[in-house]
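Novice: There's a structure below that I have some questions on.
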Amino acid sequence: MSASQQDRYRPETRLVHSGTLRSPFGETSEALFLTQGYVYDNSAQAERRFKNEEPGFQYSRFANPTVAMFEERMAAFEGAEAARATATGMAAVTLALTGQLKAGDHVVAARALFGSCRYIVEDYLPRYGVASTLVDGTDLNQWRDAVRPNTRTFFLETPTNPTLEVIDIEAVAQIAHEAGATVVVDNVFATPLFQSPLALGADCVVYSATKHIDGQGRCLGGIILASEQFIQKYVHVLLRQTGPSLSPFNAWVMLKGLETLPVRVRRQTDSAATLAVALADHPKIVRLIYPGRPDHPQAKVVQKQMRGGSTLVAFEIKGGKKAAFRFQDTLKLIRISNNLGDAKSLITHPATTTHQRLAPEQRAELGIGDGLVRLSVGLEHPDDLVEDVLTALEAV
Ligand SMILES: Cc1ncc(COP(=O)(O)O)c(C=O)c1O
């Protein structure tokens, strides 16, 4: 389907058809091109391909037909001019940031970041002479005050992990652009179905495709989406020369995952909202966080920039770590795992897993109490999930 044809269709349709490269066999389901290299008809053709005088594939570290289908389909869904797939979500984040930065530059990032993203900003970039400042992402004044003459990029994740805080992308993008900086948004929690950072002013959006895009707990992957110019200038060459590429097999899994993403994510979000209702006034719960509820701390921003709630619910159980562990260990259906966006419902205790690297005061600053659990809601029947959660709370 050509780009102009794609524009006619709604997102669900694009997710089934966009980017398909059909082979001479006319297959209905997209082919898996499990190949490292490509052969040329003759020497002159090889020369033309290497000089970029003729379109075509050369080597799967930087281009492969199955990977290209995944990139093209994601770009059509996101409304981005270009995309590059990576081996993991962390490879996407690292590439999107390091591709733009050099020694002497400065980054401003929201401090409520996924642990490895925070490592990149706080520990990894400074090793190469890139300074960073962490701010409370919901406080626009902090973004403004953190800007320095050498600030090159802003980085944020929204909703955040694990407290589902929501950051105003449009307002932050405005501050960044006034300062001559770019904005990179990690859109993993919102999914492309419910939030479009590029349309809100971001310059680049990254995903861990490992999460809702695969959605069935099989493969790791990542993707970077931006303008053609951004991708060419900051991403393509670095991906080609350093090689954190997505395997064609994983790209094929992701590509097929995209076909069912809206159906899965909508169902999981509806079930998460049902669970939030069941838990909201529970006597053993101190705090419930769910984007989409009027009591969410940034409810107005959610309404402004998101088209749906979340497949995740976070809640704090009375009694701290002991109570949270007892609750998790009593669950029968919901399994303990730090992953998210899976067909299976998964629960994690951030203070002792994903965020254990942080000092207790840093966790407190982020609202990660010892009783907090993060539940990623799957595709099970919502009544079974509610029953599992309420039964486990009785044991606390
Ligand atoms: C918000 C967020 N960003 C990035 C990542 C990294 O993705 P991956 O595990 O695919 O490297 C994750 C999860 O692991 C995540 O939750």
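Novice: How about region 192-228: which of its residues are of a type in the set (D, E, K, R), more than 11 Å from the chain's Cα centre (by Cα) and open to solvent by 20 Å² or more (accessible area, probe 1.4 Å)?
Specialist: Within region 192-228, 203, 218, 228 meet the criteria.
Novice: Shifting gears a bit: Going by what's in this entry, would residue 295 be described as in contact (Cβ under 8 Å) with a residue 40 or more places away in the chain, open to solvent by 80 Å² or more (accessible area, probe 1.4 Å) and acidic (Asp, Glu)?
Specialist: Numbers: in contact (Cβ under 8 Å) with a residue 40 or more places away in the chain: no; open to solvent by 80 Å² or more (accessible area, probe 1.4 Å): yes; acidic (Asp, Glu): yes.
For residue 295, the condition - in contact (Cβ under 8 Å) with a residue 40 or more places away in the chain, open to solvent by 80 Å² or more (accessible area, probe 1.4 Å) and acidic (Asp, Glu) - is not met.
Novice: Please work out which one of (1) open to solvent by 10 Å² or more (accessible area, probe 1.4 Å); (2) within 16 Å of the ligand (Cβ to nearest atom); (3) touching a Gly at 6+ places or on another chain (Cβ under 6 Å) is the condition residue 84 fails and give its number.
Specialist: (3)
Novice: Is there any pair with a first residue in region 159-186 that is open to solvent by less than 10 Å² (accessible area, probe 1.4 Å) and a second that is acidic (Asp, Glu) and within 16 Å of the ligand (Cβ to nearest atom) whose Cβ atoms are under 7 Å apart and which are 6 or more apart or on different chains, and what are they?
Specialist: 159/165
Novice: What are the residues in region 356-394 that are in contact (Cβ under 8 Å) with a residue 60 or more places away in the chain, open to solvent by 30 Å² or more (accessible area, probe 1.4 Å) and among the hydrophobic types (A, V, I, L, M, F, W, C), if any?
Specialist: 379, 390
Novice: Taking region 322-341, which residues are part of a loop (DSSP other than H, G, I, E, B) and either touching a strand residue (DSSP E or B) at 6+ places or on another chain (Cβ under 9 Å) or loosely packed, with under 15 Cβ neighbours inside 10 Å (or both)? Before you say what the answer is, go through the steps one by one.
Specialist: First pass over region 322-341, keeping only residues part of a loop (DSSP other than H, G, I, E, B): 331-334, 337-341.
Scanning region 322-341 gives 331, 332, 334, 337, 338, 339, 340, 341.
Novice: Name the residues in region 48-81 that are open to solvent by less than 50 Å² (accessible area, probe 1.4 Å), out of contact with any Gly (no Cβ under 9 Å at 6 or more places or on another chain) and of a type outside the set (A, V, I, L, M), would you?
Specialist: Hits for region 48-81 are 54, 56, 64, 65, 66, 77, 78.
The values are calculated or read from the model by the stated rules, or taken from the named source; none is laboratory data. What you see is a predicted model, and the numbers here were worked out from it, not measured in a lab. Every residue, glycine as well, gets a Cβ built from its backbone with ideal geometry; the counts of neighbours run over all protein chains shown. Quick note on the areas: whole protein, heavy atoms, side chains included, nothing else; ligands and nucleic acids left out. Shrake-Rupley method; radii C 1.70, N 1.55, O 1.52, S 1.80 Å.
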